[in-house]
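Below is one structure, written out as structure tokens, with a few remarks after it.
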Amino acid sequence: MAQPDHYARLERATAGVQAPFALVDLDALWANARELERRAAPKPIRLASKSLRCRALQQRVLERDGFRGTLAYTLPEALWLASAGGSDLVVAYPTADVTALRALAEASPPRGHGPGVQDALRAGRGGVTVMVDAVEQLELIERATSEADHGRLRVCIDVDAGWRTAGGRVRVGVKRSPLHAPQQAVQLAGAIIAREAFSLVGVMMYEAQIAGLGDSPLGRPLRARAIQAMQKRSARELAPRRAAVVAAVGEALAAAGAPPLEFVNGGGTGSLERTASEAAVTEVTAGSGLYGPTLFDAYRAFTPRPAAMFALPVVRRPGPGMVTALGGGYLASGPADAARLPAPHLPRGLRLDRQEGAGEVQTPLLGAAAGELAMGDRVYFRHAKAGELCERFATLHLLEGERIVDEVPTYRGERQCFL
């Protein structure tokens, strides 16, 4: 939690910055990074780019020993990062972007260069890897890249890590890959191996129902116990199934004389310890825990320090005990509930108005602290999720100690909009 003098610290540091603005507290971010690394050890962390959406910060994080490689969220984003010197890029979601697929194929070494070039790429874990979970996607990629003389495109199989109970009739987890059983993964692996256009390099299994669901929601003890019980049973089922998937795919590659898998990716900020302990997993993914958005306030395993926030100016006083800030309607994606709203962070003692929430052009604030705020004073908010805040601001002000040490562009600030 913020210390009593944290608001004064922010105000001193940002006195020359005009609100609205977004900032990242580097002291908190690096503390969160150390904790993520400790929880994931000895496995490396692949950085989820969608959680940061700021190339300058991504580069700084990837300089740390505990982080290796990027999990991008679209192929155009991965190509953009690669053009700026990024390497070891895995696209987390399947793509239907024909233009980007052609660009990827054109950047791949031609088949005539022989295995030496591909071996060099593998040794350096370089290049861009695309995600697939169906033969239809392979066919789409083949059609899109048929005119390019390219080497084998790197692909990763996404396998459902959700929990199925009641004989498979009840599915717990996000709706991702249709592949669930080891044999289903092997069938797709066989289809990849049989095609000259592809090289199977990885398997990904993301357990959103564990990594992305807080197990200690504030003021809801019964729900907390239910979530904890579900996550325990889900993890108990997932670990042996994930190992079986990896073993079966590995056997299929060996039988075909193909190189072994380069990586097996799993987990997320909320499940690093549990996933990293599995022998079949070679790396875990994290990103949101660096910024510490409010959705992570509901986790027992990890309580990040709030690192990313935004400041809005007070511009009116509609009545006693309330003020109105300019802007603020920066809602997070997901189900339409109150948990997706930004939360007033500092000064303490403020809350959103239930009737208006956070508005497009104004956000009413209630509470004891409202009466102490003057026109032009700033209120600092935390976003519900991590990287989505960067879609609203062109730059991030980087705070270190008691001063702003840098201002760096977000993706938007570099005129990039990928989703």
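Multiply the residue separation of Ala336 and Glu372 by 0.36 nm, subtract the distance between their alpha-carbon atoms, and state the gained length in nm to one decimal. Before the final figure, lay out each step's value.
Working: separation 36, 0.36 × 36 = 12.96 nm, distance 3.21 nm.
Gain in length upon complete extension: 9.8 nm.
About its Cα centre, how strong a charge dipole does the range 216-349 have in debye, to the nearest 20, once Lys and Arg get +1 and Asp and Glu get -1 at the Cβ? Working shown, then result.
Numbers: 15 positive and 8 negative charges, 169 e Å.
For the range 216-349, the charge dipole is close to 820 debye.
Report the longest stretch of the chain that contains none of the trypsin sites (Lys or Arg not before Pro) sitting in a DSSP loop with at most 12 other Cβ atoms within 10 Å. Can you show the working numbers first?
On the way: sites that count: Arg169, Lys175, Arg300, Arg354, Arg415.
The reported range is 1-168.
Please give the length that would be gained between Ala194 and Glu136 if that part of the chain were fully extended, namely 0.36 nm times their separation in residues minus their C-alpha to C-alpha distance (nm, one decimal).
Working: separation 58, 0.36 × 58 = 20.88 nm, distance 1.45 nm.
The Ala194-Glu136 span can extend by a further 19.4 nm.
If Lys and Arg each add +1 and Asp and Glu each add -1, what is the summed charge of the other residues whose beta carbon sits under 14 Å from the beta carbon of Thr14?
Net local charge, Thr14 excluded: -3.
Taking the convex hull of the alpha carbon atoms in the range 9-120, what volume per residue do you get, in Å³?
Details: hull volume 17.0 nm³, N = 112.
Enclosed volume per residue, from the Cα hull, is 152 Å³.
Just give me a number: lysine pairs in the chain, eight or more positions apart or cross-chain, with C-alpha atoms less than 21 Å apart.
On the way: Lys50/Lys175; Lys50/Lys385; Lys175/Lys232; Lys175/Lys385.
Lysine pairs meeting the criterion: 4.
Filter the chymotrypsin sites (Phe, Trp or Tyr not before Pro) in the range 1-45 to those in DSSP coil with at most 14 other Cβ atoms within 10 Å of their Cβ, and list the result.
On the way: sites: Tyr7, Phe21, Trp30; in loops: none.
Within the range 1-45, no chymotrypsin sites (Phe, Trp or Tyr not before Pro) qualify (loop, at most 14 other Cβ atoms within 10 Å).
What FRET efficiency comes out for Thr303 versus Arg354 if R0 is 25 angstrom and r is the Cβ-Cβ distance? Round to the nearest 0.05. Don't jump to the answer; show the numbers that get you there.
Details: r = 26 Å, r/R0 = 1.06.
E(calc), rounded to 0.05, equals 0.40.
So, in nm, how far is label Asp65 from label Glu106 when the simple model puts each one 7 Å beyond its Cα toward the Cβ?
Those two pseudo-labels are separated by 4.2 nm.
Could you compute the longest span of the chain free of GluC sites (Glu not before Pro) located in DSSP loops and having at most 16 other Cβ atoms within 10 Å, not counting the site residues?
My reading of the result: 197-355 is the longest stretch.
Calculate the spin-label point distance for Arg220 paired with Arg317, positioning each point 7 Å from the Cα along the beta-carbon direction, and give it in nanometres.
3.7
What FRET efficiency would be calculated for the residue pair Arg403, Leu326, taking the C-beta separation as r and a Förster radius of 25 Å, to the nearest 0.05? Don't skip to the answer; put the middle values down first.
Details: r = 25 Å, r/R0 = 1.00.
Computed FRET efficiency for Arg403 and Leu326 comes out at 0.50.
Have a look at Tyr206, Pro260, Thr294 and report the one farthest towards the positive end of the charge dipole of the range 199-306, computed about the Cα centre with Cβ charges (Lys/Arg +1, Asp/Glu -1).
Thr294
Run the quick spin-label model on Ala181 and Lys232: label points 7 Å from Cα toward the beta carbon, then report their separation in nm to one decimal.
2.9
The range 333-407 to the range 1-79: how many Å between their Cα centroids?
Comparing the Cα centres of the range 333-407 and the range 1-79, I get a distance of 18 Å.
Mind computing the radius of gyration and Dmax over the alpha-carbon atoms of the range 245-368? Å is fine for both.
Spelled out, the Cα radius of gyration and Dmax of the range 245-368 are 22.1, 75 Å.
Near the amide H of Phe198, under 5 Å away, which other amide H atoms are found, from residues 5 or more places off or on another chain, if H is placed in the peptide plane?
Amide H neighbours of Phe198: Leu153.
Let me spell out the model: positive unit charges on the Cβ of Lys and Arg, negative unit charges on the Cβ of Asp and Glu, origin at the Cα centre of the chain. What dipole size does that give, in debye rounded to 20? Walk me through the numbers on the way to the answer.
Working: 50 positive and 44 negative charges, 243 e Å.
Its charge dipole is roughly 1160 debye.
Dipole magnitude of the range 276-419 about its Cα centre, charges +1 at Lys/Arg Cβ and -1 at Asp/Glu Cβ only, in debye to the nearest 20? Write down the numbers at each step before the final one.
Values: 15 positive and 16 negative charges, 81 e Å.
I would put it at about 380 debye.
Can you give me the convex hull volume of the Cα atoms of the chain, divided per residue and expressed in Å³? Walk me through the numbers on the way to the answer.
Numbers: hull volume 60.4 nm³, N = 419.
Per residue, the Cα convex hull of the chain comes to 144 Å³.
Every number here is computed from the coordinates shown, using simple stated rules; none is lab data. This structure is a prediction, so every number in the text was calculated from the model and none was measured. Note: ideal-geometry Cβ built from the backbone for every residue, glycine included; neighbour counts use all protein chains shown.
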